[in-house]
Amino acid sequence: MERLHNFSAGPAMLPQSVLEQARDELLNWHGCGMSVMEMTHRGKDFFGIINQAEADLRELLNVPANYRVLFLQGGATLQFAQIPLNLLAGRSADYIVTGAWSKKAFKEAGKVGNARLAATTESSNFTRLPGAEEISLSNDAAYLHVCTNETVHGVEMHDIATLGASVTLVADMSSHILSRPVDVSKYGLIYGGAQKNIGPAGLTLVIVREDLLGKAPANLPTMLDYTVQAENGSMFNTPPTYSIYVAGLVFQWLKKQGGLAAIEQANIAKAKLLYEAIDASNLYHNPVEPSCRSRMNVPFTLKKDGLDEAFIVAAKQQGIVSIKGHKMVGGMRASIYNAMPLEGVQALVSFMQDFEAKN
Ligand SMILES: *Cc1c(COP(=O)(O)O)cnc(C)c1O
């Protein structure tokens, strides 16, 4: 059977060569006589796997030495609470709300501490980013939280200069981490669930500057304490071993593609192809301001009523799946992460043109 063109927002496509390598190594990893799924996380084989994964990630993102890389669980959603629990230390934090995910992060932070709304673009239906003049920062915030790519609304921060240099930036990068080079030193903490652009679900990545550790209150449950996780090499308890292993294969695949500068060029080309097709059409519409359109998640609606279901059914006949939009936005959404080849986007665009001609 042919593999489908899978535009799922997450869990999402993985590179085919990664899946093939995982298959080839499934029963007997590197001659050790068992699967990675079956080996102890306390042995030298798994130490090798996790250490290599961290080293490759550090190389890809050029992570400075004073940052710790944590391989955690609970998804980005647990980070919405874990971040304020670790970093607030009795202070407040500022939140910029630019879409569904940062809105959730803000709400969750308010459950465990003092979260302040610094800006929101909700009245514009999350189709743009706030200008510098719309952002009101408090003087004593422990950090400023942003979501640099809004997966549901298709809004991406291509530039963080408007956010100011003096704040401790905390960024949810779940849906565009590793899609482009990032200056990690501009952030206090970067996090993301793995299942969009890193690897299988079950793994959550946190990259945190060392001086932000050690601020957690003494009654914080141990598993939620970044400092404990950092001191134990992300192995205070059993880590998601297989997800870490596959993420490591993805990091090696990215290095073979030429690293993040090269994958960024591929991502720009894919996004350009799709947005140009949408903008040139009379049927499809993307509501996001061009300057902040996401390269990873491309929502679009059909201007003619009652065609959505027919679009989805006809797409499936061409092997194009998981294209239905999030219910909050409606219409369609094509998620075109690193693993989506240009050919997949070409297939989608030619299907869309064909569908428009027939309708
Ligand atoms: C998917 C997503 C989340 C939630 O991730 P989970 O790992 O499912 O908790 C949070 N933020 C963004 C930007 C996302 O895309």
Given a 1.4 Å probe and the protein chains all in place, what does the accessible area of residue 162 round to, in Å² to the nearest 10?
-> 70 Å²
Can you give me the relative contact order of the chain as a percent, contacts being Cα pairs under 8 Å and 6 or more apart?
-> 23 percent
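Which GluC sites (Glu not before Pro) in the stretch 1-83 sit in a loop by DSSP (not H, G, I, E or B) and have at most 10 other Cβ atoms within 10 Å of their own Cβ?
Values: sites: 2, 20, 25, 38, 54, 59; in loops: 2, 25.
Sparse-neighbourhood loop GluC sites (Glu not before Pro): 2.
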Of the residues 95, 143, 284, which exhibits the maximal mean-square fluctuation in a Gaussian network model of the chain defined by a 10 Å Cα contact cut-off?
-> 284
Dipole of the stretch 16-256 [Lys/Arg +1, Asp/Glu -1 at C-beta], most positive-end residue of 99, 48, 173 = 99
When the solvent-accessible surface of protein heavy atoms is calculated with a 1.4 angstrom probe, in what order do 124, 174 fall, highest first?
-> 124, 174
Most fluctuating residue of 310, 119, 109 in a GNM of the chain with Cα springs under 10 Å: which is it?
-> 310
Accessible area per residue in Å² at 1.4 Å probe, computed on the chain = 44 Å²
Give me the distance between the Cα centres of the stretch 244-289 and the stretch 211-236, rounded to whole Å.
-> 35 Å
Expressed as a percent, the accessible surface of the stretch 16-256 that is carbon or sulfur, using a 1.4 Å probe and the full set of protein chains, is 51 percent
In whole angstrom, note down how far apart the Cα centers of the stretch 48-87 and the stretch 312-359 are.
-> 33 Å
Mean separation of Cα contacts under 8 Å (6+ apart) over length of the stretch 1-138, as relative contact order % | 14 percent
Choice from 205, 144, 117 showing the highest fluctuation, given a GNM over the chain with Cα pairs closer than 10 Å = 117
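The values are calculated or read from the model by the stated rules, or taken from the named source; none is laboratory data. All values derive from a computational prediction rather than experimental measurement. Every residue, glycine among them, receives a Cβ derived from its backbone with ideal geometry; neighbour counts consider all protein chains shown. Ligands, DNA and RNA are stripped out before the accessible areas are found, and what is left, the full protein with its side chains, is counted by its heavy atoms. Shrake-Rupley method; radii C 1.70, N 1.55, O 1.52, S 1.80 Å.
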